[in-house]
Each structure stands twice: as structure tokens, then as C-alpha cells.
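FYI, it's all coordinate maths here, none of it is from the lab. Keep in mind that this is a model prediction, so the values were computed, not measured. Cβ atoms come from the backbone with ideal geometry, glycine included; neighbour counts cover every protein chain shown.
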Amino acid sequence: MPNKKNLETVSLLKESFADCSGLVFFDYRGTTVTQLTELRRELAKNSASLKVCKNSLIDIALRDLGREVNDEMFINPTAVVFAKGEMPAAAKVISEAAKKNDKIKIKGGYMGEDILDANSVKIVADIPPKDVLLSHLVTALQAPISGFANSMHSVISELAYVLDSVEEEKKKSA
């Protein structure tokens with residue numbers, strides 16, 4: 001029979017998993033407490049948090065939520081990043097930390113309900129922030145409208161020029 005502490009931990013994990021836009025799992029063996037504390041600070045700036053949990057409890061919580069589980073992600077000790085804000089921002093923090101510290105090994109994660117392998121997490125980390133994507137979208141939508149407005153302005157200008165020419169011709173002939 002499972003003990004009370006583990007049941008509470010699984011319950012908390014399930015709540016945390018349900019409230020997140022994404023998760024990143026990584027192997028933290030060999031990192032110092034100072035490095036993990038700094039990583040926690042960086043994640044907090046991006047509306048994310050970090051928790052070290054037993055692999056078996058993470059596995060139970062994910063399976064209870066009906067999520068697909070890749071057992072290879074839970075072979076060695078695992079830390080979990082809970083992305084409460086934008087998943088790409090949290091993935092970027094972990095990806096950059098892994099580049100600086102070769103002891104941090106990204107194992108995979110989830111973006112919404114979709115399972116990600118380590119390479120997919122790194123690809124998600126390269127997605128620009130939401131504000132940048134929205135500005136690109138606005139620019140793309142604005143370009144055809146601007147082109148149409150410029151074309152209409154050109155046609156109206158040409159019409160005005162033609163009407164001025166007709167008026168001048170009428171004045172000369174009168």
C-alpha cells in the first residue's frame with residue numbers, strides 16, 4: 001500500500017501538470033545546489049518552476065492523467081520544469097542551461113498534451129516569444145492591405161491628373 005506522503009505528492013503533481021502549458025524533464029545529476037537555485041530563479045522570471053521528484057511518482061501522475069509516457073525519460077534522477085506561462089520561454093531557459101552546463105541533460109517533455117523528445121524540446125526553445133510572433137502576423141496581414149491602399153491612392157492620383165488635364169484642355173479650347 002502506498003504511503004500517505006507519496007499519495008500527496010502524486011496528487012500535487014497531477015494538479016501541477018494540469019495547470020501547465022508544458023513540462024520539461026531533465027537529468028540534473030552532477031549539478032550543484034547553487035546551479036539549481038540559479039536555474040530556479042531564471043525559470044521564475046519566465047513563469048515556470050522546477051521540482052525534483054521520484055521518477056515513479058512522476059510516472060504514476062502522468063499515467064493517471066491519461067498521458068502517453070516515454071519510459072526512457074525516467075531512467076535517471078529527474079527534475080521537472082512546470083511552464084505555467086509560455087512553454088517556449090521555459091524550454092529556452094533549460095536549453096541554455098544545458099548548453100552552459102554539460103551535466104544538465106534534457107530528456108523530453110510535454111507541450112500541452114503532446115509528448116516531446118529531447119530534440120523537440122530544443123526546437124520549441126527556438127520558437128520566438130508570443131509578442132514577436134504576433135507582430136509578425138500583424139505585419140503579414142497588414143502588407144496586402146497597405147499594398148491595396150497604395151494602389152488605390154495611385155489610381156485616384158492618376159484620375160485627378162487626368163481630370164486636371166481635361167480641364168486645362170477645355171480652358172484652352174474655350
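Mind pulling the angle between the C-alpha long axis of helix 130-173 and the longest principal axis of the chain? Nearest 10 degrees, somewhere in 0 to 90.
0
Based on the mean of other beta carbon atoms within 10 Å per residue, what is the order of 42-55, 81-94, 123-136, 140-153, most packed first?
81-94, 42-55, 123-136, 140-153
Apply 1/(1 + (r/R0)^6) to the Cβ-Cβ distance of Ser173 and Ser146, taking R0 = 45 Å, and write down the FRET efficiency to the nearest 0.05. Display every interim value, and only then the final one.
On the way: r = 41 Å, r/R0 = 0.91.
Plugging the Cβ-Cβ distance into 1/(1 + (r/R0)^6) gives 0.65.
Once fully extended, how much extra length lies between Glu38 and Val69, figured as 0.36 nm per residue of separation less the alpha-carbon to alpha-carbon distance?
Full-extension gain reported as 8.3 nm.
Among Lys100/Lys122; Lys54/Lys99; Lys4/Lys84; Lys84/Lys130, which pairs are too far apart, with a Cα-Cα distance over 20 Å?
Lys54/Lys99; Lys4/Lys84
Relative contact order for the stretch 30-174: what is it in percent, counting Cα pairs under 8 Å that are at least 6 residues apart?
Worked out over the stretch 30-174, it gives 20 percent.
Once the piece of chain linking Val166 and His153 is laid out straight, how much longer is it, given 0.36 nm per residue of separation minus the C-alpha distance between them?
Working it through step by step, the gained length comes to 2.7 nm.
Within the stretch 51-89, whose backbone N sits under 20 Å from a point 7 Å along Cα→Cβ of Ile127?
67-70, 80-89
Quick one: if the Förster radius is 30 Å, what FRET efficiency do Ser47 and Leu7 give, using the C-beta to C-beta distance and rounding to 0.05?
After rounding, the FRET efficiency stands at 0.60.
Which label belongs to the value computed from this structure, given these candidates for Cα extents along the principal axes in Å: [x] 108, 34, 24; [y] 66, 36, 30; [z] 75, 25, 20?
It is the value labelled [x].
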